[in-house]
Amino acid sequence: MRLNFIIPLVIIVLLGLMGSVFVVREGQVGLVLNLGRIARTDIGPGLHFKIPLIESARVFDRRFNANAFSPERSLTSERKDVSVDFVAIGFIDDATAYFRATGGIEADANTRLEPIIKNSLRNEINARTLTELVSGNRAELIEKQLPAINEATKSLGIRIVDIRLKQIDLPTDSEVIGQVYDRMRAERRQVASRLRAEGEEQARAIRGQADREQTVLVAEAERDAQKLRGEGDAEATRIYGEAANRDPAFYAFQRSLEAYRKSFEKGDAVIVLERDDPFLQYMRSDR
C-alpha cells in the first residue's frame, strides 16, 4: 500500500522537475512566457528554471541565417526591366520584438522581411541606369540601403548585416550585354598585352645576357688563339734560327722551296725574271 503511494509521487515529482527545466544552447536566446505573457527575455546559454504549468519557454537561434527570396523584377532609371536574385544575411537581434511580431515562426518572419528588402532595393535600382547596376559597385549599393532596411526590420527584432546579389538577369534587347562583353574582352586583351610585354622584356634580357657571354667567350678564345699563334711563331723562328746556324746552305734551299710552293700553288702564276736571277738557282740543271 505504501509502495503504491510512493511510486506515483516520485513520477509526479520527476515530471515537475522536467517541466521546470529548459536549456539554452550556444548561439541561441530564450524567453519565458507566464500565462502567455513575456516574463523574462534575452536568456543566454545555460540551464534555466521555470514554473511548471504556469510558465513556458521559447528558444530561438541567434546565429547568422541566409534567407533566399524569389527574384525581384524592377525598372532601371531608363525604364529597362531587370530581374534581381538576392540573399539576405541576418540574425535575431531582439528576441522580444521577434516573438511579438512573428510568434517565433520563421516562415512568418521571412514573409514580413521580404517586402521590406525588396522595396528598398527597388528604390535603389530605379535610381540607377542599367550600366551602373551591372558594372557598378554592388557593395556600395547594398551598404547604402542597409541603414534604412534595419530601421524597418527593427520592429521584427531582426538585423540584416549583408545582402548578396546572386544574379542580375538583363533584357535580351539591351545594349548593356554587348558592353559587358566588350569590357570583359578589353580586360582580357589588357592582361594579354601585359603578359606579352613581360615576356618580351624577359626575352630581351636573356638575349642580352647571351650576347654578353658570347662576346666574352669569343674575346677569350681570340686572346688564347693569338697567344698560341705568337708562341708557335716564336718557336718556329727559334727552329729556323737553329737550322740556319747548323747548315746555312740547307736553310737557304728550304726557304727557296717554300718560296717556289707559295708562288706556284695556284697553278696559273706567271713570273718574269732574268735568266741569271738567284731565285731560279735551284730550278736550273747543271750540265
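Listed from fewest to most Cβ neighbours within 10 Å, the set V216, V87, V24 follows the order V216, V87, V24.
Please compare each pair in K50/K154; K80/K144; K118/K166 to a cut-off of 20 Å on the Cα-Cα distance and tell me which ones are over it.
Working: K50/K154 28 Å; K80/K144 22 Å; K118/K166 14 Å.
The answer is K50/K154; K80/K144.
For L146 and E200, the difference between the fully extended length at 0.36 nm per residue and the C-alpha to C-alpha distance is 14.6 nm. Counting beta carbons within 10 Å around each of E114, E143 and listing the fewest first gives the order E143, E114.
Highest mean first, the peptides 92-105, 219-232, 73-86 sorted by other C-beta atoms within 10 Å per residue fall in the order 92-105, 73-86, 219-232.
Put in order of Cβ neighbour count within 10 Å, fewest first, the listed residues L141, L217, L146, L121 become L217, L146, L141, L121.
Taking a label point 7 Å from the Cα of K166 along the Cα→Cβ vector, which residues of region 66-82 have an amide N closer than 13 Å to it? Once the point is set 7 Å along Cα→Cβ of K166, 66-72 turn out to lie under 13 Å by backbone N, inside region 66-82.
Each reported figure results from applying straightforward, stated rules to the coordinates on display, with no laboratory input. Only a predicted model underlies this, so the values are computations on that prediction, with no experimental measurement involved. Using ideal geometry, Cβ is built from the backbone for each residue, glycine included, and neighbour counts are taken over all protein chains shown.
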